[in-house]
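Colleague: Here it is, the structure, as structure tokens.
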Amino acid sequence: MPVPAALTLSGARAAIDRIDDAMVALLAARRALVSTAARSKRGAGLPSRDEQRERQVMQRAHALAFRLGLPGDCATRLVTLLIAEAHHQQGLAAPSSTPTPAPGMPMPAPTDRSATAYRYLLRLIPPPHRWRPLLSLVPVQFQEAALQRVLSRAIAAPLQDRALEPVQGRRLGIEISDLGLHWVLQLRDGRLHATREPAEATVCGSATDLLLLASRLEDADTLFFQRRLMLTGDTELGLLVRNLLDRMPWETVPLGLRIILHRGGRLASEARDAYHGHA
């Protein structure tokens, strides 16, 4: 083997070895956390197996695989192995079926043969800031009514269970920077209302990033860390709202809305990537 090729192969193998070592170390850490979770469930009198949690784990893995450009079946095989190992660790029977992501999960990336045409079509979608003049013609009351209706449907379950009581009466602003849109929402008497009063805390981001957050294709910590989302005002209120929504099971969001959010988030993200890649 020529020297340059041998050096390249040796370097690649050394890097693979380090990644493999890290994966084994992560598996050991995961086993320790599984033991902690198992003890907590026994102490609380909960069943040892939580199928909904397994679906959530599979769903998160598929979303991350999608963002990283990995085939979905890679995530399925890996998470299936991890769940089976957790079952074995707790003395449970092996799962009879593989957990599947909720409907509306991202679809596999386009094939290489169609990728070029697909990216070309994505570049034809105007970026959000070009919609700004058109959206400015929509009366604010219509915007607020539409937002109220969509968000009320999305959080209907926690509203009914009074899980959002800690933010009763508080005012949270949502600002879509590239569309020039801003609303203030308040939970009153168990219902979500738009208000013209000033917000106590405001979440600001682009239309695409807020859609990725709403569809759970991106998590809040990543978006805030990368400064793609900003939180101003009462940060304690903003973090409280985020934590409450994070604990809301994705399955409680109506199926149709989940599908729209996932597909819309995926399309917006791909269109942004295609537009910036072309520019």
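The values are calculated or read from the model by the stated rules, or taken from the named source; none is laboratory data. Because the structure is a prediction, the values reported are computed rather than measured. As a convention, Cβ positions derive from the backbone with ideal geometry for all residues, glycine included, and neighbour counts pool all protein chains shown. For the accessible areas, the whole protein counts, side chains as well, though only heavy atoms, and no ligand, DNA or RNA atoms are used. Shrake-Rupley method; radii C 1.70, N 1.55, O 1.52, S 1.80 Å.
Colleague: Do the conditions hold for Val34, that is, is it open to solvent by less than 50 Å² (accessible area, probe 1.4 Å), assigned to a helix (DSSP H, G or I), in contact with a helix residue (DSSP H, G or I) (Cβ under 7 Å, 6 or more places away or on another chain) and under 24 Å from Ala220 (Cβ atoms)?
Modeller: Criteria not met by Val34.
Colleague: Checking Pro254 against (1) open to solvent by 40 Å² or more (accessible area, probe 1.4 Å); (2) in contact (Cβ under 8 Å) with a residue 12 or more places away in the chain; (3) not aromatic (Phe, Trp, Tyr), which test does it fail?
Modeller: Evaluating Pro254 over (1) open to solvent by 40 Å² or more (accessible area, probe 1.4 Å); (2) in contact (Cβ under 8 Å) with a residue 12 or more places away in the chain; (3) not aromatic (Phe, Trp, Tyr) leaves (1) as the failure.
Colleague: Within the range 111-133, can one find any residue that is in a loop (DSSP other than H, G, I, E, B) and modelled with pLDDT under 70?
Modeller: yes
Colleague: Return the only residue of Thr98, Thr76 being at pLDDT below 80, β-branched (Val, Ile, Thr) and open to solvent by less than 70 Å² (accessible area, probe 1.4 Å).
Modeller: The conditions single out Thr98.
Colleague: Still on this structure, please answer the following. Scanning the range 144-175 for residues that are part of a strand (DSSP E or B) and either free of Cβ contacts under 8 Å to residues at least 40 places away in the same chain or in contact with a Phe, Trp or Tyr (Cβ under 6 Å, 6 or more places away or on another chain) (or both), which turns out farthest from Val241 (Cα to Cα)?
Modeller: Glu175
Colleague: Within the range 151-158, is there a residue that is at pLDDT 95 or above and open to solvent by 40 Å² or more (accessible area, probe 1.4 Å)?
Modeller: no
Colleague: Name the residues in the range 221-236 that are closer than 23 Å to Pro198 by Cβ and either touching a Phe, Trp or Tyr at 6+ places or on another chain (Cβ under 9 Å) or not β-branched (Val, Ile, Thr) (or both), would you?
Modeller: Phe224, Leu229, Met230, Leu231, Gly233, Asp234, Glu236
Colleague: Okay, moving on. So which helices (runs of 4 or more DSSP H) stay within the range 214-279 end to end and still have 2 or more residues that are among the small types (Gly, Ala, Ser) and over 24 Å from Gln52 (Cβ atoms)?
Modeller: 255-278
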